[in-house]
1. Among (1) in contact with a Leu (Cβ under 7 Å, 6 or more places away or on another chain); (2) modelled with pLDDT under 65, which single condition is THR434 missing?
2. Are there any pairs, at least 6 apart or on different chains, whose C-beta atoms fall under 7 Å, with the first in the stretch 192-214 and without any contact (Cβ under 8 Å) to a residue 24 or more places away in the chain and the second part of a strand (DSSP E or B) and not charged (D, E, K, R), and if so, which?
3. For the stretch 466-497, which positions are surrounded by 20 or more Cβ atoms within 10 Å (Cβ to Cβ) and in a helix (DSSP H, G or I)?
4. What tally of residues in the stretch 330-383 results from selecting those that are assigned to a helix (DSSP H, G or I), touching a Gly at 6+ places or on another chain (Cβ under 8 Å) and either under 25 Å from LYS211 (Cβ atoms) or small (Gly, Ala, Ser) (or both)?
5. How about the stretch 322-351: which of its residues are of a type in the set (Val, Ile, Thr) and crowded, with 22+ Cβ neighbours inside 10 Å?
6. From the list TYR313, TYR242, TYR272, TYR237, which residue is of a type in the set (Ser, Thr, Tyr) and over 26 Å from SER342 (Cβ atoms)?
7. Please go through (1) surrounded by fewer than 14 Cβ atoms within 10 Å (Cβ to Cβ); (2) under 29 Å from PHE506 (Cα atoms); (3) within 28 Å of the chain's Cα centre (by Cα); (4) at pLDDT 75 or above for TRP552 and return the number of the only condition it doesn't satisfy.
8. With the condition kept exactly as written, say whether any residue in the stretch 460-482 is in contact with a strand residue (DSSP E or B) (Cβ under 9 Å, 6 or more places away or on another chain), at pLDDT 95 or above, aliphatic (A, V, I, L, M) and closer than 18 Å to MET405 by Cα.
Amino acid sequence: MYCVRCGDIIDKNELVCDKCGLRFTVVRADGTTVYINQSPTPVKGAKKKKFRFGWLIALVSVISVVGALLFGGILLTSGILMGIVIFSKDPASSQVVVNNPVNNPDPVISTPTVTYQNTDTEEQNEYFSNAIRDQFVTLKGDGTDTVTVMVYMNGSDLESEYGYATEDLREMLNATLSDNVNVVIQTGGTKKWKTDGISNKHSQRFLVKDKHLELIDDSLGQLDITDEYTLRDFIIYANANYPADRNILIFWDHGGGVVYGYGVDENLNDPYAALTIDEIQRAVRDSGVKFEMIGFDSCLMGGLETACALCDYSDYLIVSEDFESGSGWEYQNWLSLLGYNSSTPMTDVAKVIVNDFIQESLFAESEGVLALIDLRYTRLLYSAWTDFAYANEDELLSYDYTMSMQRSERAPDSMFEKNGKKDIWDWLYTDSYTMETYCYAVDIMALASTMNTDESNALASVMKSAVLYCSSTAGDSYMTGLSVTLPYGDNDFYDELKDVFTKCGFDNKYLTFLAKFADTDDSITNYDWSSSGFEGWDTYDDSYYDWNDYDWNDFDWDSYFDSYYDFDDSYYNSYDYNSYDRDYDYWDEDWLY
């Protein structure tokens with residue numbers, strides 16, 4: 001048997017790998033232990049890059065290998081060793097010593113990154129005081145706060161083919177936690193786990209405990225991970241069994257943006273099934289839990305529309321406008337930070353999450369951007385965005401402002417197949433395929449920078465306050481934290497958008513506005529972002545916006561919450577909550593109220 005991290009030969013009954021110190025176990029309910037740090041075949045390296053090539057490139061590769069063999073065994077061996085050095089990541093020690101995790105170690109890779117940190121002023125806070133709500137979570141601040149981190153882990157092909165979920169589970173297990181911090185994980189959605197202790201036949205729930213996974217619920221059956229009720233029940237279960245002062249919800253898997261949504265369940269016959277943002281909204285709302293932070297370890301979910309869907313249920317949102325690399329977030333350091341001090345402010349925790357994510361992206365030779373959003377500003381941001389959009393409608397319709405984004409491992413194939421636009425060249429050259437014709441996303445600050453009006457200045461100013469922290473690789477420096485979706489020339493996409501946005505509660509005026517973009521034709525010119533001069537936060541004029549000039553009389557707190565936030569409306573009257581099969585004896589009949 002071999003260690004799954006370093007490849008060292010180990011005895012089947014060993015608790016810890018002698019070479020790298022990996023300890024990775026699952027304790028079943030009956031008390032038996034399954035060790036899942038072992039593999040029957042040798043394992044070379046960790047966190048290998050994903051290669052997706054077509055038959056033509058595969059043929060060239062075969063020819064190359066044959067040619068390499070002619071140069072002799074020494075050259076071939078050298079090439080293999082060099083490949084391992086380049087594409088493998090040194091395994092982290094399972095013995096994590098946390099002195100003060102706020103001070104991150106120097107990055108392994110020194111590639112330039114672009115970072116923005118909020119420097120909000122008291123003058124702005126005075127003007128915003130009537131437009132933002134109070135926080136749901138108030139920290140005790142003395143290290144006694146309790147934390148429950150809920151990880152909704154949809155393994156999908158990211159796990160069955162590449163083992164990315166297992167990598168992140170190892171990072172969670174390597175974290176140094178305290179009794180005040182619980183990490184609860186629900187698994188599912190994949191045909192094959194790279195660890196023997198996690199079932200692909202049914203969903204399971206685990207608790208990270210003493211650097212191993214403790215199986216806490218093995219009675220779930222094969223759940224549809226893309227069903228909103230699966231998500232809702234997981235939140236209810238975690239909240240009921242591990243109540244905490246601070247609740248954090250992490251979505252782990254593919255992401256398809258604000259229309260196509262999150263998650264791909266390999267066990268379903270429908271490759272297009274996903275959790276759309278309206279379904280996530282209902283699941284979180286109906287759970288009755290208020291979160292301190294909701295995060296998406298998945299691609300393209302960093303839209304204003306995601307913030308609008310979740311702003312009533314969480315204080316903060318951590319999301320990416322762009323694709324993520326297969327490695328995604330790094331979990332060890334920020335979980336250890338909470339273990340070191342469970343009262344660490346979310347702004348400090350988020351800095352670790354964002355900075356480590358950028359380092360993971362650089363290691364994977366992938367572009368990346370990640371941002372912390374203060375969801376209390378969402379209504380004001382939506383109001384400022386629509387003021388800007390309506391005032392500059394003609395200009396926005398005169399160009400296609402959609403930005404190109406490089407596809408990564410976390411981009412589900414179904415996104416590229418929905419519109420029938422994927423051909424043989426896409427299969428052959430997957431790594432250079434972009435998404436400008438699929439998610440129609442454009443950075444909000446970038447749009448505001450194209451015009452110099454009262455509305456654009458107000459929009460940029462509130463973005464500056466809503467985005468608390470944002471960092472990117474140099475290649476994503478033009479992204480500042482949040483995008484909006486403008487469906488240029490795609491009525492089919494707009495039909496899906498309209499359904500999702502309507503269920504989220506967006507008003508008809510805004511949906512009618514977006515329909516105009518869908519009606520544009522191929523004659524519209526693509527906006528030349530490369531020569532626009534916009535380079536993200538580095539080019540933003542940091543001058544103070546005078547909020548006395550903003551027309552607060554036009555600010556409507558409930559402007560886009562007309563249909564799905566009224567508990568007396570037809571949606572609630574038509575749904576029979578008593579018909580749901582309650583599987584858990586902790587369920588309170590009156591939980592909704």
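The values are calculated or read from the model by the stated rules, or taken from the named source; none is laboratory data. None of the values given here were measured: they were computed from a predicted structure. Neighbour counts are summed over all protein chains in view; Cβ atoms, including those assigned to glycine, are modelled from backbone coordinates with ideal geometry.
1. It fails just one condition, (1).
2. So the pair list comes out as GLN204/THR187; GLN204/LEU215.
3. Passing the criteria: ALA466, ASP476, PHE493, TYR494, LEU497.
4. 4
5. Going residue by residue through the stretch 322-351, those that are of a type in the set (Val, Ile, Thr) are 344, 347, 349.
Matches in the stretch 322-351: THR344, VAL349.
6. TYR272
7. Of the numbered conditions (1) surrounded by fewer than 14 Cβ atoms within 10 Å (Cβ to Cβ); (2) under 29 Å from PHE506 (Cα atoms); (3) within 28 Å of the chain's Cα centre (by Cα); (4) at pLDDT 75 or above, the odd one out for TRP552 is (3).
8. Yes, some residue in the stretch 460-482 is in contact with a strand residue (DSSP E or B) (Cβ under 9 Å, 6 or more places away or on another chain), at pLDDT 95 or above, aliphatic (A, V, I, L, M) and closer than 18 Å to MET405 by Cα.
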